[in-house]
Structures are given as C-alpha cells and as structure tokens.
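Note sheet for the following structure.
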Amino acid sequence: MKRIAFGIILIILILGVLVSYEWYGAFKKSKLIEKGIFPKEPFPIQPNTPWWQIPFLTLLQYLTKAWFCLGMAFLIAGAIETFIPKELIIKHLGKRSPKAYFIAAFGGPLLSVCSCSVIPLFAAIKKRGAGLGPAITFLLATPAINPAAIILTFSLISWKFAIGRIILALSAAIITGAILEAIWTTEEEKKGILSQLKVEYQEKPLNLKDDLKEWVTNVWDFVKKIFPLVLLGIFIIGIVKIFLTSQVISKYLGQGFWQTALASILGVVMYTPTLVEIPFVRELLVLGMGTGPALAFLLTGPALSLPSMLGVSRVINWKMVLNYAVIMWISGIIGGLIFAHWVPQIKLI
Amino acid sequence: MLIKILGSGCPNCQKLEANAKKAVEELGLKDVKVEHIYDVDKVIEMGVAMTPAIMFGDEIKAQGRIPEVEEIKGWLQETVL
C-alpha cells in the first residue's frame, strides 16, 4: 500500500503546483486587464500576417502557453503508469456486476494503456470478464477523460470545460454501455459464468530509487510517443485556420441544436490524436464556436473515430459498433445542450 | 519448453519478443522456443487481459508490461535449470 500511497501523494503534489501556477497566472493577467494593460501576445497573428506563417505562429503560441502544463501532464501520466497497479483495477472488471460500470468508467482512464492494447483489453473484459456493457464503458471512457487531457483542458480552455467533460463523458460512457448491454446481451450470456480473467495483483514494496527511475523512464516514453503527434496536430490546426473564417464557424458551429448535432457527429467520424482535440476546440471557440458544440465535440471526438471502430468491429458485431456510435452521437448532443445551458458563454484569455 | 509472447504486433510486444529471445540466447538454451501469438481471440482464450504478455507454457509470467532481459533470465533459470 505504501507504494500506491506515495504515488497518489506525488500526483496530488504535481497537481497542486500546476493549479496554483495556472490560477496565479490568470489572476495576474486579470489584474493587468483591470488596469487597462493588455498582455501582449508574443507571436501575434494579424490580418496582414502572410498566410504561410500562420501554422508556425500557431505552434509557437501553443508552446509558450502550454509547455508548463504539458510537462506536468506528462509527469502525472508517468506517475500513474508507475505507481497505480493496473492489475488492481482490472481484477475488479472480472465479474459481472453493476459496480463494474463504475470501475470501468473511473478506472479505465487510470490504466493509460497504449492504443494497441485497448482492443485486446476490451475483448478480454467482454468475453472473460464483466461483459459487453462495462467493456463498452471502458472503451469510451478511457480516451475521453485520461488525466493529461483533463489537465490540458483546464489549462488551455477553462476549468468549467474540464469539469463538464469529466461528468458528461463518464455519464455518456456508462449510459451507452448499459444500453448496449440491455439490447445485445442474451439471457444465457447473463447467466453464464465465464469469468476467467487471470489477473493476479502482487503488492510491490516501495523502493524510492528504483521507483523514481521507473517514473522518469515512463514519463520519457509518454513524451516520445505523444509529443510529436501533438506538435503535428497543432501545426495542422494552424493550416486549417487559414481557411476558416469566423462567419463560417459561427454559422455552422455556433450555439444551437443543429450546430451541436453537427459538432457531435464530426467528433464521431474524425480521428483526433490524443490531446490535439483541445487546441482544436480552443481555436474554434475563438472563432465563434458555441460552448454546446464545443463540449459535444470533446465528448465524442477522443472516444470515437472510424479507425478505432473498425478495430473494434473485429471483436464485436459491426451492428453493435454502429449502435454505440449512434448512442454516443446522441449523448454528445444531449451533453452539449446541457453544458450550453449552464455555461452559455466563455471568455478565453 | 515453449515461451509464448502475446500481443497484436505493436512496438511493445516486439520489444518483449526481442528481450525473450535475447534471454534464451544468452543462457544458451537450445530446446526453448519463442513463439509470438498475434491473434487477439487466441490471446483472450488464454485468459490474458493485458498485452504485451509472456507465458512459459501455460503459466502467465507477466502481462501489461515489458520485462527486462535479466528478469526473463531469472525466470528461465528457475524453471529450466
């Protein structure tokens, strides 16, 4: 237990540093604005900026804004990987019970498994463990609310979006899983005792030197895997930005029901590499996207994409895949509308 | 004896396969074979939840992580020698 406790304290400490840094920055900025001083953007994009510079400037803007938060997010992701034993979570996904939905929703994101092991784990939960419903919940919740994504949402957009994302993404994942279970699981399967997940949890003692070394290795692995994709993603956003005008965005993605439905379906089909959905939504918000469509996109974007659905359809019937995609699309709309009701507007500084 | 490596073919399981082969080679074990199982269905049949995984015969030695060469050598010494 000592090892886990140490990990949790470490994570809370990093989170504390991050939150106070961000809030202090925001506080300082708002004080300056009160005095009538507007902080200067170090890499401004103006109407007369040559178009080919826009992607590079966008990249620089995000690097100056997000380097601290991204660094902290990687430190935390590495700490979770090192100190939170996956076996402990998966063990609880080995039995059919209503509890399994909550473990899948809350524990899934802590597993931070690499994308190639998500599908085997999904198949394992479905066939040998808690069944179809929790497996779907796991599949949808894991990418949508991984800790790094939540931290970056908090830092780049706002804490309201971060909270909204956690609550609505978890609810959407649990509801979708439960509906799928009700539609597709036969009586026999419910009775059948298949639980055979052979997952043993062995407690490891705390060994400060080795554990910290492992932590650093894990953090570096995350950086190597994710950072290049994030840079590329932001660069592409910069290219897309050249072609988008605020008239187009506020017409098609402004506040409203149809706009939310459109944003939600875009999230279902589009492939957004992890973390890139956040600067993407931020840019669109600046250009006039409504808060409802923005949250709808954050709900469905990371959870679903055509490539991941194709992968899953190797394990379950494609009709089920289509089924959960439609339910997630609808949950995205509902979630977006609820969020737009509570947070009708947002100021980005 | 047969060492099974389970995983869908991503860099992680390739690394594990390389580690296992290296361990066998360094100990000079001629009758130990390393086999890689890519099929997700088969992996699940064996009761493994997390890839990459390594099995000695029917016994799961590790899953969801990449054991180092030294660790695999340790297991080999326990079981074979």
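No lab work stands behind these numbers, since they all come straight from the coordinates. Bear in mind the structure is a predicted one, so any value in this text is a computation, not a measurement. Cβ atoms come from the backbone with ideal geometry, glycine included; neighbour counts cover every protein chain shown.
The figures follow:
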read-out	value
Separation of alpha-carbon centers, the range A:213-264 and the range A:107-168, rounded to whole Å	18 Å
Cα shape, the range A:213-320, gyration tensor, a/c 1.5 rule	oblate
Using alpha-carbon coordinates, inclination of helix A:208-243 to the longest axis of chain A, degrees	50 degrees
Counting DSSP beta bridges with both ends in the range B:2-65, the antiparallel % (nearest 5)	60 percent
Between helix B:69-79 and chain B: long-axis angle, C-alpha atoms, 0 to 90°, nearest 10	70 degrees
Shape call, chain A: gyration tensor on alpha carbons, a/c limit 1.5	oblate
Degrees, to the nearest 10: A:159-184 long Cα axis against longest axis of chain A	30 degrees
Percent RCO, i.e. relative contact order, over the range A:78-178, from Cα pairs under 8 Å lying at least 6 residues apart	29 percent
Choice from B:Ile37, B:Ile66, B:Ile54 with maximal GNM fluctuation in chain B (Cα, 10 Å cutoff)	B:Ile37
Of A:Lys251/A:Lys347; A:Lys2/B:Lys61; A:Lys91/B:Lys15; A:Lys126/A:Lys160; A:Lys95/B:Lys15, those spanning more than 29 Å from alpha-carbon to alpha-carbon	A:Lys126/A:Lys160; A:Lys95/B:Lys15
Candidates per trypsin sites (Lys or Arg not before Pro) in the range A:2-41, loop by DSSP, up to 16 other Cβ within 10 Å	A:Lys35, A:Lys40
Relative contact order (%) - criterion: Cα under 8 Å, at least six apart; region: chain A	19 percent
